[in-house]
Amino acid sequence: MNRRTTALIAAAVLGSVALVSGCSDEGDPVSFDSPAPSTKASAPKSGGGPAGGQDKAGGQKVSEAVAKTLLPTGPKAQFTTQNTLEDGTKIGVTTLHGKKSGFTGKVWVWAPKQYFDPKYAQSGFPVLIALPGGNGYPKNYWMGTDLKLQSSITEWSKQGKSVPFVVVMPVLNPDAKYYYDGSDIPGQPKMGTWMTEDVPDFVKANFRTFKSRDGWAFMGSSSGGFVGLKSVLKRPDQFKAVIASGPDTVPDSPLWAGHEAEKQANNPEKLAQNLIDTKGPEVDLAFQIGTKEGGMANLNGFIAKYGKGPVKTRLQVIQGGKHNAHTYIKGMADGTMQWISSKLQAPIPSS
């Protein structure tokens, strides 16, 4: 399918976001600070039972969490409230000036209730970088509450179907004119560096994350699905998994004209084959597609040819599903999120 055909769908979704995104505290400052990890807790006392400090199992969990966790490195960003969920958690927004890409754009973030629970104060949280379809500029439609991404993650985590992700929602493109394929196209804004370097650095500066790539994943629809897929295959040292819904599997930005070598260096098919040839590292690719959209043969072909060796794949076919975000949320509920969560590091309670 051609991602350019999704612009109208994206615009329609953005219109619905505009209608529902208002809230009484929209624009107010919001903080994602959480219970500060205790230096004493990182070195638990010996002995079992209350009198002797934490029990052996509790102490082991603290030590494991501390070893795997990267505490916020700073500098701290200034967030304002975009939306408030029913459970009181906030979707915040800030403007990120990318030091490595040179690009400046909006980033929306959300942390689940568990992030603020003192028993997880020692632990990092897995990060899900959620990307929209269409141009994804000037907004990322996952920041709205109508699609229910964040509230769904809350429910799925209660049901054991999902890890409680920190969700990060950057703008996808630098303008609404072209698709930049989440890549550093010569002569254009460095959107590949923005997505795989500046955005993760920003998350590490502001949230407790995991040091390992096992705590990092993408989720994207259509054009965002392509970017997530390409980013994981290009940077398997940094990202472990992706949910790619209704994606293309080859780059198609018109801005690649005259830059064939660079284009192929950002081609998921070439990148997947390279991982197979070099025997890893392993990546987990969860594809989704509705029965009422095009592209089924293309995805089946990609999986048949490249879903081998270190490239692990799963396809969720959504009955009656169309090429839109609501369809893909249903697919995540029907099994995709549980599968991808099983491949990632979950937060570690201290006791």
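Coordinate-derived values only; no laboratory data. Just so you know, these numbers come straight off a predicted model, no measurement behind them. Counting neighbours? That spans all protein chains shown, and the Cβs are built from the backbone with ideal geometry, glycine included.
Please give me the summed charge of the neighbours of residue 82: other residues whose Cβ is under 14 Å from its Cβ, Lys and Arg +1, Asp and Glu -1.
-1
In the calculated pair-distance distribution of the range 228-289, the portion above 18 angstrom amounts to 35 percent of the Cα-Cα pairs.
Tell me, 242, 227 in order of fewest to most beta-carbon neighbours within 10 Å?
Working: 242 28, 227 33.
Lowest count first: 242, 227.
Based on alpha carbons, the Rg and Dmax found for the range 110-157 are 13.1, 40 Å. Relative to one another, the C-alpha centroids of the range 242-318 and the range 144-201 are positioned 18 Å apart. Between the Cα long axis of helix 149-158 and the first principal axis of the chain there is an angle of about 50°, rounded to the nearest 10. Within a Cβ distance under 13 Å of residue 257, other residues only, what is the Lys/Arg minus Asp/Glu net charge? In short, -3. Among 139, 230, the ranking by other beta carbons within 10 Å of each residue's beta carbon, starting with the fewest, stands as 139, 230.
For residue 222, the residues whose modelled amide H falls within less than 5 Å of its own, excluding neighbours fewer than 5 places apart on the same chain, are 245, 246.
Taking the number of Cβ atoms within 10 Å of each Cβ as an exposure proxy, the fewest-first ranking of 221, 123, 63, 101 is 63, 101, 123, 221.
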